[in-house]
Amino acid sequence: MQSEYDIIVVGAGVAGGVFACSQKDTGRKILVVERDLSEPDRIIGELLQPGGLESLKALKLDYLTEGFGAQPVYGYTLIKGDRNFSIEYKDAGSAAYGLGLRNGKFLTTIRTELQNLENVTLVEGDVTDTIESGGRVTGVKYTDKSTGNQVEAHAPLTVVCDGPLSLFREKLSVPNKEVSSYFMGLVLKDVQPLKESHGHMIVSGDSPVLVYPINDNEWRILIDYPGTKPPRLGEKLKESLKKEVTPLLPEGMQQPFVTALENDPLQVMPNHKMKAQARHKDGVALLGDILNMRHPLTGGGMTAVFSDIITLNSKLDGVDFSDKKKTADAVNAYYLNRSRGVETINILANALYQVMIDEDLKMACFEYLNAGGEKSSGPLSILAGMNRDKQFLLKHFFRVAMQHPVDFVLRPAKQFRLLNKAVGIIRPILKEEGKPAVLDTDAGK
Ligand SMILES: Cc1cc2nc3c(=O)[nH]c(=O)nc-3n(C[C@H](O)[C@H](O)[C@H](O)COP(=O)(O)OP(=O)(O)OC[C@H]3O[C@@H](n4cnc5c(N)ncnc54)[C@H](O)[C@@H]3O)c2cc1C
């Protein structure tokens, strides 16, 4: 069967869209099939860490963040009760800012670019299955939205990027997926923040609340709802949020929050922790949330995705797709080399969330970051995605739990409890993170 394309991309979200754009100078013929090309209104993917922005620059695609009101974010303000302090990206590495943006606007900009690229065909269609021949994926079947027809398309490589609610994850990988909590989101208008152009992380309640700018007059609020079951939407929930969350917010956010609660529907998304191991199959690669998810508290998802795109591109660079073994080897090398770019993002996101829902550890973390110097710039450099040194991350993680060595003598029970909790959090995360992203590492057979 003659292939009409070199690469088929399933899904024009953050991963598929940016990956396809990044192939613009390769001369490869690319088909992108996206289920819904209308502008989405989502609460996900709206804070891009400086490291993610640096990756977009490395891909020469940072212009995709321009023209729709994305806001520079220079750091975080942490709030606990009546105490607050700010930490700045500029103290944590070379890139001084990240971006707050509307996810839907970002995706529309990416998709408009795809429509303009000569080597890319973007169609609106629902991919219903992969096509396989002799154990390898040779293309996809999709329902074309404009005609309703079932269409078959073929390519030597299909990159599946169908996102967090992936249809193909079970078929193409062995996922270990858990819901850690849910985020409930609203858009706040006319906010007076404690600090302009800063993300606000409010850790005064039982679970964290995030607020950050997404355009020149709108701020996203994400309220964590712990547990594996979603909140029951309705007036009762809104009333309890009004009563319990409003007083935790800085004064200049309280009325905007109440107004948004009264006028807008709450949007809810599950927060997953998931590392899949791809079943090795020639002709297909997994990219984005289909392969890996982490708690969004640190806003690391897009930074991880862009790092993966850089890794995948470096392995696909110059590969002649008519050589099946070389293509399979390249995909396998991507799976085996991606962890260097994403492991610190994953570990920090999943560990920090657990720290922030434990009162002792949360307090210890707040004090540690508040101490300033390397105690704030070190962890922030990891969160920003500017520093991907796992040992450095672990050093700070354990120092949070052991920042007052004298407590081993003065309050040994409390100190050992803290340490035990820290070990209990980090050990399973490291074990999971240590698994390769592919099951069968012997590619190209
Ligand atoms: C609540 C929440 C908040 C988050 N906040 C942030 C943040 O602030 N910063 C950050 O960096 N990350 C954040 N993330 C993570 C980030 O959004 C994801 O990592 C990122 O969007 C993953 O990109 P993706 O392309 O894999 O998925 P998506 O961006 O969801 O794209 C998947 C695309 O595939 C399409 N699709 C699905 N199925 C099919 C099909 N069968 N056929 C055709 N098309 C299909 C979908 O329509 C969609 O367009 C957040 C996540 C959550 C849950």
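Points to keep in mind about this one:
- Residues (within 18 Å of residue 345 (Cβ to Cβ) and surrounded by fewer than 13 Cβ atoms within 10 Å (Cβ to Cβ)) located in segment 396-427: none
- Sole residue being more than 30 Å from residue 387 (Cα to Cα), in contact with a helix residue (DSSP H, G or I) (Cβ under 8 Å, 6 or more places away or on another chain) and not in a loop (DSSP other than H, G, I, E, B), chosen from 275, 243, 238: 238
- Every test in (1) within 30 Å of residue 227 (Cβ to Cβ); (2) away from the ligand (no atom under 12 Å from the Cβ); (3) buried (at least 21 other Cβ atoms within 10 Å of the Cβ) is passed by residue 176 save one, and that test is (3).
- Being surrounded by 19 or more Cβ atoms within 10 Å (Cβ to Cβ), on the phi > 0 side of the Ramachandran plot and not aliphatic (A, V, I, L, M) holds for only one residue in 100, 81, 45, and it is 45.
- None of 41, 82 is under 30 Å from residue 373 (Cα atoms) and away from the ligand (no atom under 12 Å from the Cβ) except 82.
- Residue 253 meets the conditions (1) crowded, with 23+ Cβ neighbours inside 10 Å; (2) under 25 Å from the mean Cα position of the chain (by Cα) in every case but one. The failed one is (2).
- Any chance residue 387 is within 22 Å of residue 300 (Cβ to Cβ), open to solvent by less than 60 Å² (accessible area, probe 1.4 Å) and not in a helix (DSSP H, G or I): yes
- Within segment 28-38, being more than 27 Å from residue 318 (Cα to Cα), open to solvent by less than 70 Å² (accessible area, probe 1.4 Å) and either more than 9 Å from the ligand (Cβ to nearest atom) or of a type in the set (Lys, Arg) (or both) holds for one residue alone: 38.
- Subset of segment 146-175 [touching a residue at least 24 places away in the same chain (Cβ under 8 Å) and out of contact with any helix residue (DSSP H, G or I) (no Cβ under 7 Å at 6 or more places or on another chain)]: 151, 153, 154, 155, 158, 167, 171, 172, 173, 174
- Pick from segment 330-365, criterion among the basic types (Lys, Arg) and part of a helix (DSSP H, G or I), ranking: farthest from residue 389 (Cα to Cα): 362
- First in segment 291-303 and within 23 Å of residue 57 (Cβ to Cβ) and outside any loop (DSSP other than H, G, I, E, B), second anywhere and aliphatic (A, V, I, L, M) and within 8 Å of the ligand (Cβ to nearest atom), Cβ under 6 Å, 6 or more apart: 302/14; 302/48
- When residue 61 is tested against (1) near the ligand (Cβ under 9 Å from one of its atoms); (2) in contact with a Cys (Cβ under 8 Å, 6 or more places away or on another chain); (3) not charged (D, E, K, R), just one condition goes unmet, and that condition is (1).
- Candidates 388, 411, 427, filtered to the one that is over 22 Å from residue 77 (Cβ atoms) and in contact (Cβ under 8 Å) with a residue 40 or more places away in the chain: 388
- Only one of the numbered conditions (1) within 16 Å of the ligand (Cβ to nearest atom); (2) over 27 Å from residue 420 (Cα atoms); (3) in contact with a helix residue (DSSP H, G or I) (Cβ under 6 Å, 6 or more places away or on another chain); (4) not aromatic (Phe, Trp, Tyr) is not met by residue 308, and that is (3).
- Residue count, segment 179-197 (criterion: away from the ligand (no atom under 14 Å from the Cβ), open to solvent by 10 Å² or more (accessible area, probe 1.4 Å) and assigned to a strand (DSSP E or B)): 1
- The strands (runs of 3 or more DSSP E) found entirely in segment 100-166 that carry 2 or more residues being within 11 Å of the ligand (Cβ to nearest atom) are 120-133, 136-144, 157-160.
- The residues of segment 334-377 that are without any contact (Cβ under 8 Å) to a residue 40 or more places away in the chain and under 22 Å from the mean Cα position of the chain (by Cα) amount to a single one, 337.
The values are calculated or read from the model by the stated rules, or taken from the named source; none is laboratory data. If you're wondering where the values come from, they're calculated on a predicted model, not measured in any experiment. Don't worry about glycine lacking a Cβ; one is built from the backbone with ideal geometry, like all the others, and counts go over all protein chains shown. Surface areas here come from the heavy atoms of the whole protein model, side chains and all, with no ligands, DNA or RNA. Shrake-Rupley method; radii C 1.70, N 1.55, O 1.52, S 1.80 Å.
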